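Encoded as structure tokens, the structure appears first; notes follow it.
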Amino acid sequence: MPATRFTASSSGLLQWSGHKVRCALGRSGITAVDLKREGDGASPAGVWPMRQLFWRADRLARPETALPVTALIPEAGWCDDPADPFYNRPVILPYPASHEKLWREDGLYDLIVELGYNDAPVEKGKGSAIFLHLAREEYAPTEGCVACALPDLLALLRDAKPGDELEIEG
């Protein structure tokens, strides 16, 4: 079965296979990969493999998806320190370098699709933790990720399989 391409556009729409849903993107908009920097708040333009799903088993039933699925633990983190050897990689907290906590109280990371941005190979300072996750109220901008509502993300996950990609286009 051929790969599905899920497309998030600067117009705030996420589309795939007859679906069109609202999404939020980075607070700084969409940027070219060669201009992307850690902490710039921009979503990187390009086509990114959907690596795996992380989910909060204490809050949601395991979503229906063919993607690899990992239950989050309270100590789950993601390194965002370009000087650290585990930059743009999952880490276990507490962790000495700068990191993002994946076990969040606000629910935004109850579902996280890891996107294959800056991971093969990792380039220091080019941006980390680019995910597809749940949107804030009113679809407030993200720090560079793509975010959508829970029902929409669950529908996407039902259609997603290994080899599928998320395209971020300006």
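The values are calculated or read from the model by the stated rules, or taken from the named source; none is laboratory data. Keep in mind it's a predicted model, so treat the numbers as computed, not measured. Note that we place each Cβ from the backbone using ideal geometry, even for glycine, and neighbour counts take in every protein chain shown. Areas reflect the complete protein model, heavy atoms only, side chains present, ligands, DNA and RNA absent. Shrake-Rupley method; radii C 1.70, N 1.55, O 1.52, S 1.80 Å.
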Open item on the list: I'm trying to understand the selection: among the residues of region 29-54, which are in contact with a Ser or Thr (Cβ under 8 Å, 6 or more places away or on another chain) and either closer than 24 Å to residue 101 by Cβ or at pLDDT below 95 (or both)?
Closed with: 38, 40, 41, 42, 43, 44, 52, 53, 54
TODO: State whether the residues of region 33-44 include one that is acidic (Asp, Glu), touching a residue at least 12 places away in the same chain (Cβ under 8 Å) and either open to solvent by 40 Å² or more (accessible area, probe 1.4 Å) or more than 25 Å from residue 150 (Cβ to Cβ) (or both).
DONE: yes
TODO: Go through 3, 66, 57 for me and flag whichever is open to solvent by less than 70 Å² (accessible area, probe 1.4 Å), assigned to a loop (DSSP other than H, G, I, E, B), at pLDDT below 95 and farther than 20 Å from residue 124 by Cβ.
DONE: 3
Open item on the list: Could you tell me how many of the residues in region 47-86 are within 17 Å of residue 145 (Cβ to Cβ) and touching a Cys at 6+ places or on another chain (Cβ under 8 Å)?
Closed with: 0
TODO: Scan region 6-26 residue by residue and report those that are outside any strand (DSSP E or B) and either out of contact with any strand residue (DSSP E or B) (no Cβ under 7 Å at 6 or more places or on another chain) or within 18 Å of residue 122 (Cβ to Cβ) (or both).
DONE: 11, 17, 18
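Do we have residue 77 as assigned to a strand (DSSP E or B), surrounded by 20 or more Cβ atoms within 10 Å (Cβ to Cβ), in contact (Cβ under 8 Å) with a residue 24 or more places away in the chain and of a type in the set (Gly, Ala, Ser) here? It would help to see each step written out before you state the result.
Numbers: assigned to a strand (DSSP E or B): yes; surrounded by 20 or more Cβ atoms within 10 Å (Cβ to Cβ): yes; in contact (Cβ under 8 Å) with a residue 24 or more places away in the chain: yes; of a type in the set (Gly, Ala, Ser): yes.
So residue 77 fits the description; yes.
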TODO: Within region 10-22, identify whether any single residue is under 17 Å from residue 117 (Cα atoms), in contact (Cβ under 8 Å) with a residue 24 or more places away in the chain, of a type in the set (A, V, I, L, M) and crowded, with 19+ Cβ neighbours inside 10 Å, and answer yes or no.
DONE: no
Open item on the list: Restricting to region 23-32, and then to whatever is surrounded by 14 or more Cβ atoms within 10 Å (Cβ to Cβ) and farther than 18 Å from residue 136 by Cα, can you tell me which residue is nearest to the chain's Cα centre (by Cα)?
Closed with: 30
